Amino acid sequence: MTITRHRRRRARAVSAVAVAAMAVGMAVPLALPAAAAGSTLESAAAETNRYYGAAMAGSYLNNSQVTGILQREFDMITAENEMKMDATEPSQNQFSYTNGDRIVNWALQNGKQVRGHALAWHSQQPGWMQNMSGTNLRNAMLNHVTKVATYYKGKIYAWDVVNEAYADGNSGGRRDSNLQRTGNDWIEAAFRAARAADPGAKLCYNDYNTDNWSHAKTQGVYNMVKDFKARGVPIDCVGFQAHFNSGNPVPSNYDVTLRNFADLGVDVQITELDIEGSGSSQSQQFAGVTQACLSVARCTGITVWGVRDSESWRASGTPLLFDGSGNKKAAYTGTLNALNAGGVRATPGGTTTQPTQQPTTQPTSQPTTQPTSQPTTQPTANPTTPPPTGSGTCTATYSEGEKWNDRFNGVVTIRANGNISSWTSTVTVRSPQRIIATWSGSPTWPSANVMTMRPNGSGALANGQTASFGFTVQHGGNWTWPTVTCSAS
């Protein structure tokens, strides 16, 4: 869509307001004040017809303080890991909704709405899917989208249909992944399948590092959305993860980015907000993000990625609105003040739904918490690739993932050398490193620097088949790769 000169001028003006707000706190209110001051994030956001949400892990249900904060402050819930591909389809065409249902049912029973996260993603795929390619993978992905979206039909406000499909760097192109290699139209196919399965839910594309309007990745996603809208591909919204820190602060043109996407005819949502830091600086950045959303009519809501600092995937960076004891931080006050200062009333468009189905009976089994991590900025360290190691009838191979200033992701691939009924992998990190998040497995901790990972489920692999799991390491200045081994039974 062509942006008129008048629209460009307006975007720059609001950007200046956002920058000023981040610099001096809440001295500059937005143009349209809210009708009344809200005492909670939920009530303050509602004054401008927006939601304020939080990500929720299944383990939160066992913590009355956390659920109390969720009940009081938030009206939109996103499952951290319990509705992702590996959690909902651990074996091909055998679906498991127990842990996702616990979160969805809690949300609906407490008057909350739910964002579904996520239907199709190159990461956190179940092992059986990682071993597929081509037409078989494409069909399996579409079957997954259809079955999961159909199961939760009527309960989901919006789905992150496709997650993180664009590459970092200056190319502005797609990420190379097993899904991308099934054909460049795989994202479109996923959206069409999701619309057919649940015509009432909003369908979103979700990604990180798309906050700065001038970045190539932002432009790549923008061009995809523009193309989809022009051709009638069913896309209703774009999610901006918004993971910020000192090396990747809130950009001064953040509101410009939100507005330009909204001008394509989609809602924009801040989906995974956390900002490392403390005190007034952190408070001002949270306020700036809030004001940017409030300045765009189709910015329909904000979700923070967690509740208390202590449960965050970036816990050492204290990136959330409540401290580890559940106390409101300065960032909470800055956010609440920004919401109460008012803004343009949200006018969401396209498909929308209110949950119409009653929650199903709460299961009693406890979920396995699988913290997630999202990339932000890339450091330059590049260790030498270690050779595969292992023992018995399986081999463990380590490969590096996303990297940040203070942490990095790693992925371990388990390969069966002969048929095995299960496997166990040991990951050893070196002081002062520590593992702060894991996914696609069940970890135990024999010692502070040793993690033992076992599969979710049986772990049976035929000769030559592989499975993988991942983790995030807080490196403390030591970029040495972990040592990994495998034993099989």
Exercise. Looking at (1) open to solvent by 30 Å² or more (accessible area, probe 1.4 Å); (2) over 22 Å from TYR157 (Cα atoms); (3) out of contact with any strand residue (DSSP E or B) (no Cβ under 7 Å at 6 or more places or on another chain), can you tell me which one SER316 breaks?
Worked result: (3)
Exercise. Would you say THR257 is outside any strand (DSSP E or B) and open to solvent by less than 10 Å² (accessible area, probe 1.4 Å)?
Worked result: yes
For this session: Assess whether SER421 counts as being open to solvent by less than 50 Å² (accessible area, probe 1.4 Å), farther than 30 Å from LYS153 by Cα and modelled with pLDDT of 85 or more.
Result: no
For this session: Could you tell me whether any residue of region 436-456 is open to solvent by less than 30 Å² (accessible area, probe 1.4 Å), more than 22 Å from ASP309 (Cα to Cα) and over 28 Å from the mean Cα position of the chain (by Cα)?
Result: no
For this session: Would you mind stating whether VAL411 is assigned to a strand (DSSP E or B), touching a residue at least 40 places away in the same chain (Cβ under 8 Å) and farther than 26 Å from GLN92 by Cα?
Result: no
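Mind listing whichever residues of region 263-288 are open to solvent by less than 10 Å² (accessible area, probe 1.4 Å) and part of a helix (DSSP H, G or I)? Give the derivation first.
The first filter runs over region 263-288 and keeps only residues open to solvent by less than 10 Å² (accessible area, probe 1.4 Å), leaving 266-275, 282, 286-288.
Listed by number, the residues that qualify are GLN282, PHE286, ALA287, GLY288.
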Exercise. Would a scan of region 87-101 turn up a residue that is touching a Lys or Arg at 6+ places or on another chain (Cβ under 7 Å) and in contact (Cβ under 8 Å) with a residue 40 or more places away in the chain?
Worked result: yes
Exercise. In region 96-119, how many are in a helix (DSSP H, G or I) and aromatic (Phe, Trp, Tyr)?
Worked result: 1
Problem set entry | Answer residue from region 55-95, given it is out of contact with any helix residue (DSSP H, G or I) (no Cβ under 6 Å at 6 or more places or on another chain) and assigned to a strand (DSSP E or B) and is most open to solvent (accessible area, probe 1.4 Å) among those | GLN94
Exercise. (1) of a type outside the set (D, E, K, R); (2) under 22 Å from ALA216 (Cα atoms); (3) open to solvent by less than 20 Å² (accessible area, probe 1.4 Å): which one isn't true of GLY169, the others all being true?
Worked result: (3)
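The values are calculated or read from the model by the stated rules, or taken from the named source; none is laboratory data. Because the structure is a prediction, the values reported are computed rather than measured. As a convention, Cβ positions derive from the backbone with ideal geometry for all residues, glycine included, and neighbour counts pool all protein chains shown. These area figures cover heavy atoms from the full protein model, side chains too; ligands, DNA and RNA do not enter into them. Shrake-Rupley method; radii C 1.70, N 1.55, O 1.52, S 1.80 Å.
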